[in-house]
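Peer 1: Quick one: the structure is below, questions incoming.
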Amino acid sequence: MLEELKIVRFKSIREMSLNFGAINLFIGGNGSGKSNILEAIGLVSACLGRGLSGPDIGSKGLRITPPELMKSSFKNDVLPKTLELTAKFSGEITYKSVLQSRVSDPLLRFFSEASYISDQRIFGRSNRGASATGVSHADRLDKGRGIWDQIKATYDIPADMDSAFSQFSRFVIYSPQTDFLRGRQSGRVDMPPIGLHGEGLSEAVSSFLSVWRRYSAKPLKDSSRETVEWQILQKCVQLVWLPGWASQFGAHRPPPNLTSRDVADVSKDIVYFVDRFMHAARNRLSVYDSSEGTLFLLFVAIILSHPDSPKIFALDNVDNALNPRLTRKLVEAIVGVVSMANADGASLGARQVFLTSHNPTALDAFDLFDEKHRVFVVRRNEKGHTTADRLCPSKGATREDWQRMMKGRNLSQIWLDGDIPGALGDL
């Protein structure tokens, strides 16, 4: 799990250190820098993945920005030559990268890298050379790719570091878009089971249901029906029913006369929902004709519990297309799945999630007294620097103290009343 991240000179972030939990929510005004924080996390993952090319960064869900614009450039500051990212993972594992760019160079490149377990250096490189596990090999490294991705198959990297980096290198930022979810646009899936915007939804639904059926087909006397994996799958399937109208979903090849002409590829299966209120002869609604909120909930159900999903990911705008009640219910489900997956070591389920939201009810799913739950208020200070302050009770305060101070209001009401500084976008 990513426990801490220090960001220096990245976009609107001049310098910031954040300590994370298993479930992390960023709130604040538009343009405050919430997405920039997610992208800084994604950039660390890219450093531990294939590299820093435009396609590699884009496959993480980052905006493909000219490298020179990735470095912060505030008034009265000297234009920086580098940006820095230092990530600390569970098990006293640290990874630091310093990245550079030039106006004449279209690529972001590594200036230096280093990784440690406690104080022991495992690998690194700089202008003085490169080494891994004590072996020097400066001439054999591609300077456009991170070291770990190049050496992991051939060097004896400590198992804890290998596991942490392997898991985190699959991190992506999901931002589903209606046209992809509805099938009006098609695109490739860089990280199975589903594209960052909803590409490949029908294939993801088919494989998701295959996993669900495999668990549900086991005999009741089989204790595996009671495993945490089965509970996670059930909780995620229940998300799809939250709006109240659908009773079944799947993927099929519908008759041409019942398929919208706006669907991008009618030669493939498309997602359908059964409307429990409609006549049996016309109760299958295509993905194109279905509720946008239901599609978003189905998307989240898949990324939360599909066995091929990244264990660590971000979801930008968790309230996308949802009313306040459904936003709260969805975040409660995300919190529940992450908690179950971490507590029981399940093979299914997300282990760490980063969320952004503009809907106050998302806050009501969080317990500020639980160290696994972290809420950050993101804002721009008087110099325009992005800052992020953890929302938490005063040191030593009890739940009763908090309730008394907040006059019994829940977190969403406190936000709406303007009593969370910066949450409404004020400077």
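Peer 1: Over region 106-245, calculate the relative contact order: mean separation of alpha carbon pairs under 8 Å at least 6 apart, over the residue count, as a percent.
Peer 2: Contact order relative to length: 10 percent.
Peer 1: Could you give the angle, 0 to 90 degrees to the nearest 10, between helix 159-168's Cα long axis and the longest principal axis of the Cα atoms of the chain?
Peer 2: It works out to around 60 degrees.
Peer 1: So which aspartates and glutamates can Lys372 reach, going by Cα to Cα under 19 Å and dropping same-chain residues fewer than 8 places off?
Peer 2: The reachable aspartates and glutamates, counting only those whose Cα sits under 19 Å from Lys372, are Glu3, Glu4, Glu92, Glu332, Asp344, Asp364, Asp389.
Peer 1: So for Cys392, Cys47, fewest C-beta neighbours within 10 Å to most, what's the order?
Peer 2: Cys392, Cys47
Peer 1: Going by how many other Cβ atoms sit within 10 Å of their own, how do Thr361, Thr398 line up, fewest first?
Peer 2: Thr398, Thr361
Peer 1: Leaving out same-chain residues fewer than 8 places away, which aspartates and glutamates sit with a Cα under 12 Å from that of Lys81?
Peer 2: Hits, sequence-local ones excluded: Glu68.
Peer 1: Within the set Lys11/Lys88; Lys96/Lys235; Lys235/Lys395; Lys11/Lys96, which residue pairs have Cα atoms separated by over 26 Å?
Peer 2: Lys96/Lys235; Lys235/Lys395
Peer 1: Continuing with the same structure: If Lys and Arg each add +1 and Asp and Glu each add -1, what is the summed charge of the other residues whose beta carbon sits under 13 Å from the beta carbon of Leu326?
Peer 2: -1
Peer 1: Can you tally the net charge around Gly144? Count Lys and Arg as +1, Asp and Glu as -1, for every other residue whose Cβ sits under 13 Å from the Cβ of Gly144.
Peer 2: Here the charged neighbours net out to 0.
Peer 1: OK, next. Normalising by the residue count of region 32-160, find the relative contact order in percent from Cα pairs under 8 Å and 6+ residues apart.
Peer 2: Working: 199 pairs, mean separation 25.8, N = 129.
About 20 percent, as a whole number.
Peer 1: Right, next: Count the net charge of all other residues whose Cβ sits under 15 Å from the Cβ of Lys407, scoring Lys and Arg as +1 and Asp and Glu as -1. Provide the component values of the computation, followed by the final result.
Peer 2: Values: positive: Arg399, Arg404, Arg409; negative: Glu400, Asp401, Asp417, Asp419.
So the environment of Lys407 carries a net charge of -1.
Peer 1: Between the alpha-carbon centers of region 108-160 and region 312-352, tell me the distance in whole angstrom.
Peer 2: Each part reduced to its Cα centre gives a spacing of 34 Å.
Peer 1: Using 0.36 nm per residue of separation minus the Cα-Cα distance, give me the extension gain between Trp402 and Ser347 in nm, one decimal.
Peer 2: 16.1 nm
Peer 1: If you take every DSSP beta bridge fully contained in the chain, what fraction is antiparallel? Give it as a percent rounded to 5.
Peer 2: 75 percent
Peer 1: Here is a further query. Given a cut-off of under 8 Å on Cα pairs at least six residues apart, what relative contact order in percent is computed for the chain? Don't jump to the answer; show the numbers that get you there.
Peer 2: Working: 827 pairs, mean separation 81.8, N = 427.
Result for the chain is 19 percent.
Peer 1: Based on the mean of other Cβ atoms within 10 Å per residue, sort peptides 31-43, 6-18 so the most packed one is first.
Peer 2: 31-43, 6-18
Peer 1: I've got another one for you. Would you mind getting me the FRET efficiency between Ser394 and Trp245? Use the beta-carbon distance for r and R0 = 51 Å, nearest 0.05.
Peer 2: E(calc), rounded to 0.05, equals 0.70.
Peer 1: So what's the back-of-envelope 222 nm ellipticity for the chain, counting only DSSP H runs of four-plus at -39500 (n - 2.57) apiece and dividing by all residues, rounded to 500?
Peer 2: Theoretical 222 nm ellipticity from helices: -8000 deg cm²/dmol.
Peer 1: Two-decimal Rg/Rh of the chain from alpha-carbon positions, Kirkwood Rh? Before the final figure, lay out each step's value.
Peer 2: On the way: Rg = 22.8 Å, Rh = 23.1 Å.
Rg/Rh: 0.99.
We did not get these values from a lab; they are worked out from the coordinates using the rules stated. Keep in mind that what you see is a predicted model, and the values were worked out from it rather than measured. All Cβ positions, glycine included, derive from the backbone under ideal geometry; neighbour counts span all protein chains shown.
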